[in-house]
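The values are calculated or read from the model by the stated rules, or taken from the named source; none is laboratory data. Source: prediction; values computed, not measured. Every residue, glycine among them, receives a Cβ derived from its backbone with ideal geometry; neighbour counts consider all protein chains shown.
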Amino acid sequence: MMELNTLRQFLVVARLEHLSRAADELRVAQPSLSRTIARLESELGAPLFDRGGRLRLNDTGKLFRDHVERSLGELDAGRRAVAEASSGGVGTVRLASETFLTLTGPLAAYKRAHPDIEIELHWTPAEDMARRLRAQDVDLCVASQPIQAEGLESVLLLDDAVGVAMPFDHPLAGRASVSIDEIADQPFITARRGHWIRRLLDRLFAARGLTPKIVCESDEPSAIADLIGAGLGIGLVPGIARRSTTRAPLVWIAVDSPDCRRALTLLWGADNHLSTAARLMRTTITGWNWTTGEPGEKRG
């Protein structure tokens, strides 16, 4: 009979597709982990990984992974539901997002209103959100782009134009809008790969057979703004960010492309049990007024 620890270890190996890194994360010896995976495959009667050169989860492994994630997710959800019912509390909320800078307002309001609720924040790239929700590894996700996946429900929080930021003395600074072609040869300061704004930049350029000239990658929005203000390049900035106070002397210019937008979306599993804490968080986020930065009416 399969042990829970074996299944949890399998999920880590499946996610990383690398035995050594998985062993480090699990804090077990690599030979022991390798034997665990081999025993699991023997019990199932089928290989779960392709081992030609690099370890890769095969189609059978992906099928098994999906079932394991759902099963362990249901078990963990059951444990949380029992703990919530027996304690008379409202539980814990686990929120995943690509960036929490946009969410500081509603998160602060939520904590003020519910100081006894524990909040877990998980940085998660958009491509992992559907899997984590289906596995009930997190309760809610906020993505900066639409996610098309079965078994999810969503609410559009904000449909925001994304423009280009540049110093006031830039030759294009006086324009009302610019096209992608007009900024194609400009040096860009942007986020690292995986961040939504980097994905948008790459997508806009690739649609025109172009590659952006990236001179700096950073995980710090304030550093990106300061570097742009210092004249080292230009960068994509959402409209909601330009309405916030910034130290950098920047001008925000619209991009003449209907695809240059950010769709901020809240997602949760359609069949997932949401704790009281998670439902309260959903209400806070969907009710937030993103224009004024204050609580507003509930929208979903």
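Number of residues in the range 176-196 that are buried (at least 17 other Cβ atoms within 10 Å of the Cβ) and touching a helix residue (DSSP H, G or I) at 6+ places or on another chain (Cβ under 9 Å): the value is 6. Exactly one residue among Thr292, Thr286 is closer than 19 Å to Thr99 by Cα and either in contact (Cβ under 8 Å) with a residue 24 or more places away in the chain or not acidic (Asp, Glu) (or both), and that residue is Thr286. Look at Val138 and say whether it is β-branched (Val, Ile, Thr), within 30 Å of Ala38 (Cα to Cα) and in contact with a strand residue (DSSP E or B) (Cβ under 8 Å, 6 or more places away or on another chain). Criteria met by Val138. Entry remark, the range 253-291: residues being touching a Cys at 6+ places or on another chain (Cβ under 9 Å), closer than 21 Å to Arg132 by Cα and of a type in the set (A, V, I, L, M) number 2 in total. Taking the conditions exactly as written (touching a strand residue (DSSP E or B) at 6+ places or on another chain (Cβ under 7 Å), of a type outside the set (Lys, Arg) and in the same structural domain as Thr265 (by TED's automatic domain parsing)), does Ser177 satisfy them or not? Taking the combined requirement at face value, the residue satisfies it.
Screening Glu3, Glu25, Glu74 for residues that are more than 20 Å from Arg132 (Cα to Cα), of a type in the set (Asp, Glu) and either without any contact (Cβ under 8 Å) to a residue 24 or more places away in the chain or not assigned by TED's automatic domain parsing to the domain that holds Ala130 (or both) leaves exactly one candidate, Glu3.
Under the condition of being surrounded by fewer than 17 Cβ atoms within 10 Å (Cβ to Cβ) and part of a helix (DSSP H, G or I), the residues counted in the range 53-81 number 14. Restricting Leu200, Leu236, Leu227 to residues that are buried (at least 18 other Cβ atoms within 10 Å of the Cβ) and more than 21 Å from Asp160 (Cα to Cα) narrows the list to Leu227.
Listed by first and then second residue, the pairs linking a residue in the range 34-50 that is farther than 15 Å from Val12 by Cα to a residue that is at pLDDT below 90, with Cβ atoms under 9 Å apart and 6 or more places separating them unless they lie on different chains, are Glu43/Met1; Glu43/Met2; Leu44/Met2. When residues of the range 102-139 are filtered for being crowded, with 18+ Cβ neighbours inside 10 Å and not in a helix (DSSP H, G or I), how many remain? Of the residues in that region, 9 qualify. Filtered by the rule that a residue be at pLDDT below 90 and either in contact with a strand residue (DSSP E or B) (Cβ under 7 Å, 6 or more places away or on another chain) or of a type in the set (Asp, Glu) (or both), the range 79-101 gives Glu84, Thr92, Glu98, Phe100.
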